[in-house]
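A short worksheet on the structure shown next.
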Amino acid sequence: MCLTLRGCSPRGRRRAIERFSGCWTSIFSRETMRTETGGIRNLLPRKKWFGFGSRGQPEPPAVNNNISTLTDGASLLPAEEPQPVILTYEQMLEEKRLYEAGHLLIEREEHLFGMLKESDALKHHEEQVNKLAADRKVLQDLVLQTLGQSLCLEEDSYAGLSSAVKAVMQEEGQDLLWKHRDLTPPAWRPSEWMKLHDSTLLSLVKERMENPSSPSAYQGKLTTIQKDITNMGRQLKEDLLSVVDGVKGCYPKEMGICNFYFKLYHQSLSTSLLNIADFGLVETDRAFLLRWVNEYYPEILAKPQLASEIDIGSLGKLLPEDMLKSLEDEHLSNQQGELATIIGRVLDEAREKWNKGEEPQKEDGCFFSPVAYDIIQLINGRVTACTKVLGDPLKAQRITCLITKDLMDSYKRFQSDVIKQNKANSRSFIKANLDCLKQFSEVLNKQHLFTENVREKCLHVLTEMKRSAHTYLLQPVHEHLKPQYRKLGTSDWLHKGQFKELLDDIKNEVQDLQGSTESCHKELIGQLEQEVTAEYVRRLLKGKVKLKDKNQQLEAYQTVKDNAESLHHLFVQMGSEDDWLKEILIKIAEMLKLQDLPAIQMQVVSLGHAYPDLSEKHVLALLKLKTNLTKADRKTVTDILLDTLKEMGNNTPPRPFFSLFQVR
């Protein structure tokens with residue numbers, strides 16, 4: 001692994017180093033400051049005595065400058081300040097004053113090498129050079145040892161780490177000075193302690209991630225791979241929090257040490273997970289690894305203590321894109337297969353009960369089927385789980401793409417078999433199934449479980465299934481109503497009030513439609529009202545009644561209007577909520593009453609706007625009832641309708657009506 005990682009930009013790190021080395025630049029670059037006796041030691045900026053005032057050491061006691069008065073009135077002079085203690089190099093090392101110790105070594109280095117312009121002169125100081133090199137080795141080892149303990153320090157030990165960091169930066173500054181000199185540098189220059197710092201932290205992170213601390217108690221049901229990933233993740237979180245809470249204060253802000261550590265841990269975890277993924281995983285381990293990558297790890301980085309310190313964009317992906325996609329595809333394929341299998345069992349159980357002649361369960365007097373609830377829970381559970389594993393709801397939706405066609409086709413075939421075979425329990429199964437279709441439609445319209453393409457296909461299949469179910473349940477009703485239908489649009493209907501018999505028969509037949517849930521029953525009754533209304537209009541437009549004059553047309557108007565109100569009143573009592581059906585009959589009645597051609601034209605335009613499926617044939621059939629209209633009049637009206645429909649374009653009616661039946 002390349003050791004050129006940095007917690008900040010090169011410019012930022014250089015600025016941090018220059019803060020510690022600026023004073024050296026102005027001193028060591030001037031030859032006139034060298035002396036014959038002591039080099040430049042006496043010209044260095046004087047530092048605070050090492051005995052007091054440094055981090056971790058007590059401040060010297062305050063001096064009382066007031067004159068004390070004895071009991072006999074005699075005065076005392078102010079006490080002398082205590083002399084600061086000067087520590088030796090060895091004492092500095094012992095007390096972890098590594099920056100100060102390094103400072104002394106640099107002074108010795110400058111004293112020894114600063115005045116030696118010729119390499120031959122070093123021969124006469126070989127012993128001093130060797131002693132300085134040995135002392136430097138001791139300091140270097142102690143600095144690296146301190147850095148290697150960065151993540152397991154107590155709070156009162158951070159002073160030593162801070163001093164070690166300053167020593168590293170001081171050495172970097174000295175390397176920089178020698179780089180710009182024309183003199184022969186010591187053998188240890190450049191010392192490159194910053195590289196040693198980085199490699200030490202890299203080794204530290206690698207060691208802690210490969211050998212995480214004692215695992216938590218909750219690991220009983222985890223596989224070996226899951227335990228390894230969990231332990232690494234826990235160690236990563238604990239260490240990053242330790243960096244932010246403690247280690248960060250030992251570094252200058254410019255170094256961005258938090259981000260540097262984050263990169264090390266990120267790359268270490270990435271390498272480990274890559275090795276695990278290459279090993280070959282069973283589904284449970286694959287899902288666990290993906291969830292760590294897509295959910296748990298981002299949650300760690302999102303912790304408030306860490307988020308403000310992380311440049312997430314610079315971290316990159318934990319796993320390569322191609323490997324991540326491969327793992328995700330395998331997981332999705334596995335989940336799709338499992339889900340399809342379980343859904344198939346749900347449908348098989350329902351089919352088996354029907355084949356045995358069992359009646360569906362009942363709740364609150366309504367037939368109930370668990371099929372929709374069970375399947376919806378299965379799909380929702382799988383998609384929700386996949387969202388966590390994949391970290392993306394759009395990816396998780398793919399789990400439904402392959403199963404949808406099989407599910408809907410199987411479900412549709414099951415209902416078709418129930419209807420075709422028409423067993424004793426078929427009607428109750430279809431009534432129970434209406435609620436299932438409604439539940440499926442509601443879930444599909446929420447859209448979070450399915451892609452738009454899948455949603456549209458499923459809704460189309462469900463619409464066909466509901467239409468088929470309604471037709472099956474309503475067909476016996478229409479069979480019983482046929483004798484009454486035949487009387488519609490005849491002279492008897494106009495004069496003898498036959499419509500009441502139709503209403504009575506409808507009321508009796510509807511009793512057999514009970515058994516669906518309230519909302520489904522209302523839809524079924526609404527569908528029946530629509531079909532009865534369509535049959536009423538179809539019979540009327542067959543033209544068996546000829547309205548020769550205004551009086552007959554007014555009579556027909558009143559009859560259709562009364563029928564519309566009576567029919568709708570009955571269906572409202574039975575649960576229908578389709579008020580728009582009464583309005584159709586009212587508009588048709590108005591057409592029969594109108595005598596003025598422009599008024600008829602406007603009424604047709606209004607009807608065409610409200611119901612775009614109104615055709616020219618429908619209007620002609622209606623106009624032919626009024627025998628006092630000429631052929632030219634009828635053409636004028638139909639031309640207006642065609643122009644209106646052309647302007648509207650191919651609009652699909654929100655509620656189709658006229659397209660439900662044809663006229664000749």
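The values are calculated or read from the model by the stated rules, or taken from the named source; none is laboratory data. It should be emphasised that the depicted structure is a prediction, and the values quoted were computed from it without experimental measurement. Here Cβ is always computed from backbone atoms with ideal geometry, including for glycine, and neighbour counts include all displayed protein chains.
Couple of notes before you dig in:
- Residue in the range 587-604 that is without any contact (Cβ under 8 Å) to a residue 40 or more places away in the chain and in contact with a Gly (Cβ under 7 Å, 6 or more places away or on another chain) present: no
- Members of the range 496-528 that are under 45 Å from the mean Cα position of the chain (by Cα) and closer than 28 Å to VAL663 by Cα: GLU523, LEU524, ILE525, GLY526, GLN527, LEU528
- For the range 439-469, taking the residues that are among the charged types (D, E, K, R) and surrounded by 15 or more Cβ atoms within 10 Å (Cβ to Cβ), the one that is nearest to PHE414 (Cα to Cα) is identified as LYS466.
- The range 470-507, subset free of Cβ contacts under 8 Å to residues at least 12 places away in the same chain and over 30 Å from GLN553 (Cα atoms), residue surrounded by the most Cβ atoms within 10 Å (Cβ to Cβ): THR471
- Scope the range 606-619; condition surrounded by fewer than 17 Cβ atoms within 10 Å (Cβ to Cβ) and either assigned to a helix (DSSP H, G or I) or not acidic (Asp, Glu) (or both); matching residues: SER606, HIS609, ALA610, GLU616, LYS617
- Selection from the range 273-315 of residues that are touching a residue at least 40 places away in the same chain (Cβ under 8 Å), β-branched (Val, Ile, Thr) and not in a loop (DSSP other than H, G, I, E, B): ILE276, THR284, VAL293, ILE300
- Qualifying residue in the range 135-154 (condition: closer than 30 Å to SER213 by Cα, at pLDDT below 95 and of a type in the set (D, E, K, R)): yes
- Residue ID - nearest to ASP141 (Cα to Cα), chosen from residues in the range 192-237 that are modelled with pLDDT under 95 and of a type in the set (Ser, Thr, Tyr): SER213
- Total residues in the range 277-299, condition buried (at least 19 other Cβ atoms within 10 Å of the Cβ) and either closer than 19 Å to SER314 by Cα or more than 24 Å from the chain's Cα centre (by Cα) (or both): 4
- Within the range 620-648, being polar (S, T, N, Q) and surrounded by 12 or more Cβ atoms within 10 Å (Cβ to Cβ) holds for THR627, ASN628, THR636, THR638, THR644.
- Looking at the range 339-433, the helices (runs of 4 or more DSSP H) lying wholly inside it that each contain 3 or more residues that are out of contact with any Leu (no Cβ under 9 Å at 6 or more places or on another chain) and either among the hydroxyl-bearing types (Ser, Thr, Tyr) or at pLDDT 90 or above (or both) sit at 371-390, 401-421.
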